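Working notes for the structure below.
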Amino acid sequence: MKRIAVVGGGVAGFGVALVAGDDADVTVFERNERVGGRAATHERAGCVYDVGANYVKSDDERVSRVVRELGDGLVETDGPVWTFDADGEISEGRDEETPKWTYRNGLGTLGKRLCEASGATVRTDTRIAGLRRDDAWYVEDDDGDEYGPWDALVLTPPAPITASLLDLAAWDDEARRELREHVGHVPYRPILSVALHYSFDIERPYYALVNADKEHEVGWVARESCKPGHVPDGESLLVVQMAPDWSATHYDDDDFEVATAVADRAADLLSEHSLAAPDWYDVIRWRDALPDDGADRNVLRQGAAADLFFAGDWVAGEGRVHRALASGLETGDEISD
Ligand SMILES: Cc1cc2nc3c(=O)[nH]c(=O)nc-3n(C[C@H](O)[C@H](O)[C@H](O)COP(=O)(O)OP(=O)(O)OC[C@H]3O[C@@H](n4cnc5c(N)ncnc54)[C@H](O)[C@@H]3O)c2cc1C
């Protein structure tokens, strides 16, 4: 059996493991305690809420099939997405046919299910800090422990992290410099995502509001109670994602300052003063939240000559769960071939 190391236990990493694991031994290294990456869910006081990706919506038949097959507890988000502009003017959005999926236990379930289905060996709490290429690949964690040899290595963290791994790699090859330069130029934007809880109902004709002109400080507001099983009756939980500029400026503010400012803006946007005073909040900082562009696959292919592969939303060219998963499945095909 070939031995493959995958850095990153998000949906892309497990997409690789799911396919390549049919005829190879795959080990996934994940820096966090939990798998799933930016498809992440928190639980608190009886509420379940998606703090990264809010739902998965797929126009890709292969991805839809995988999601359905792993779908015990898969639920559809109820209600349309409406829009608002720079002045906070709300407009009715299109009623889309494609279902917006999450799980009863939140979108984090997708990473867990992919992980189980892949059969990969998973090392959580293991941040890879170094790469070395000899006759084979070796990876080193931040405690200095080295793992290997690996016949193939797959890098799936967001592009800025992948670029810094390539930067430090002990791999004497011209391709390393070119890959590092190219991957390092894939832009990512930060997002501060804030959950605001209220002990009363917030009734609206929409599930979520998205800022269409990208001129508002708020980028997205969603009512988590539109997801079956997420919020107890008689309560409400808003997930508010702030625009990239606002998020960058306030990234290091303390949680209370961020939550207060965000709740004020939610109250203004939804024209309901009581929303300025949530009874609890949860602030989540995503430094590399969404790619603004994708990498050139022809440049990335240079890695294949040295059994180095890439997957993730930045490889697919869009910050979407289904695109990241599709990228992982495709990279798995490429390695198997
Ligand atoms: C706030 C927010 C809202 C979003 N909303 C949506 C949405 O509604 N719908 C949608 O489809 N998409 C949405 N997205 C985008 C979607 O979440 C991502 O595109 C997708 O989850 C990316 O998956 P990935 O596997 O490529 O990367 P990730 O999920 O980032 O996985 C990479 C993994 O690598 C790990 N890692 C990083 N560095 C190391 C290291 N050195 N060693 C070991 N492990 C490492 C990380 O911890 C992570 O688990 C949203 C994202 C954010 C942040």
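The values are calculated or read from the model by the stated rules, or taken from the named source; none is laboratory data. Nothing here was measured: the structure is a model prediction, and the numbers come from that model. We place every Cβ from the backbone using ideal geometry, glycine too, and count neighbours over all the protein chains shown.
I'm checking my understanding of the structure. Among residues of the range 37-63 that are in contact with a Gly (Cβ under 8 Å, 6 or more places away or on another chain) and not in a strand (DSSP E or B), which one is farthest from the ligand (Cβ to nearest atom)?
ALA40
Anything in the range 91-143 that is acidic (Asp, Glu) and outside the structural domain of GLY71 (by TED's automatic domain parsing)? List them, or say none.
GLU116, ASP125, ASP134, ASP135, GLU140, ASP141, ASP142, ASP143
PRO157 passes all but one of (1) crowded, with 17+ Cβ neighbours inside 10 Å; (2) touching a residue at least 40 places away in the same chain (Cβ under 8 Å); (3) part of a strand (DSSP E or B); which number fails?
Only one criterion is unmet by PRO157, namely (3).
Give all pairs with beta carbons closer than 6 Å in which a residue from the range 133-148 that is closer than 14 Å to ASP307 by Cα meets a residue that is not in a strand (DSSP E or B); count only pairs at least 6 apart in sequence or on separate chains.
ARG133/TRP171
For the range 270-310, how many residues are over 13 Å from the mean Cα position of the chain (by Cα) and either not hydrophobic (A, V, I, L, M, F, W, C) or not in a helix (DSSP H, G or I) (or both)?
Going through the range 270-310 one residue at a time, the tally reaches 26.
Within the range 220-232, how many residues are surrounded by 23 or more Cβ atoms within 10 Å (Cβ to Cβ) and more than 15 Å from ASP78 (Cβ to Cβ)?
1
Quick one: is ALA267 surrounded by 17 or more Cβ atoms within 10 Å (Cβ to Cβ), closer than 30 Å to VAL154 by Cα and among the hydrophobic types (A, V, I, L, M, F, W, C)?
In short, no.
Identify, by number, the condition in (1) touching a Leu at 6+ places or on another chain (Cβ under 9 Å); (2) over 30 Å from MET1 (Cα atoms); (3) among the hydrophobic types (A, V, I, L, M, F, W, C); (4) within 11 Å of the ligand (Cβ to nearest atom) that LEU107 doesn't meet.
Here LEU107 clears every test but (1).
For the range 4-36, what are the residues that are farther than 13 Å from VAL122 by Cβ and within 8 Å of the ligand (Cβ to nearest atom)?
If the condition is that a residue be farther than 13 Å from VAL122 by Cβ and within 8 Å of the ligand (Cβ to nearest atom), then VAL11, ALA12, GLY15 are the ones that fit.
Within the range 279-315, track down each residue that is aliphatic (A, V, I, L, M) and either in contact with a His (Cβ under 8 Å, 6 or more places away or on another chain) or more than 30 Å from LEU237 (Cβ to Cβ) (or both).
ILE284, ALA295, VAL299, LEU300, ALA304, ALA305, ALA306, LEU308, ALA311, VAL315
From the list ALA243, ALA311, pick out the single residue that is modelled with pLDDT of 95 or more and out of contact with any helix residue (DSSP H, G or I) (no Cβ under 7 Å at 6 or more places or on another chain).
From the options ALA243, ALA311, the qualifying one is ALA243.
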